[in-house]
Amino acid sequence: MTYSQRVSDGANSSDIVYLEHQIGTTKEKLRIALEKQETYKNELSELKSSPIRNASEDSSEEQILMEKASQTKNLIETLSEQLEQLQEALAKLGD
């Protein structure tokens, strides 16, 4: 359903605009988080495959990257859930 169809069906236009804005913002945050996750994966892979390695430094650096990757994974899950909820709320306004 298009924006104008939702408005003409009686949905509050400010609610629709707000939800559409929130959806756009959440999608952008999700895109950034996915890029970060890929970066962390690449850095971890490079660290593990590095021919010149200092075991103690690499271990702590690996731990930091793994923690960042885990936090980013949690953020991606949260943002995905938020996006789904926002899209459902927008769809309900169209009903």
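Throughout, read-outs are computed from the coordinates displayed, never taken from laboratory work. The model shown is predicted, which means the values in this text are computed figures rather than measured ones. Backbone-built Cβ (ideal geometry, glycine too); neighbour counts: all protein chains shown.
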Practice item. Provide the per-residue ³J(HN,Hα) series for the range 31-41, in order, calculated from phi with Karplus coefficients 6.51, -1.76, 1.60 and θ = phi - 60°, each as a whole number of Hz, with x at glycine and proline positions. Key: 4, 5, 5, 5, 5, 4, 4, 5, 4, 4, 4
Check your understanding: Using r as the Cβ-Cβ distance of S45 and S80, and R0 as 22 Å, what FRET efficiency do you calculate, to the nearest 0.05?
Key -> 0.35
**Study point:** Set of lysines near K27 by C-alpha distance (under 18 Å), chain-local residues within fewer than 8 positions excluded
**Key:** K36, K73
Exercise for review: Work through the residues other than L83 whose Cβ is under 13 Å from its Cβ and net out their charges, Lys, Arg +1 and Asp, Glu -1.
Suggested key: -3
Check your understanding: Local charge sum around H21 (other residues, Cβ-Cβ under 12 Å, Lys/Arg +1, Asp/Glu -1)?
Key -> -2
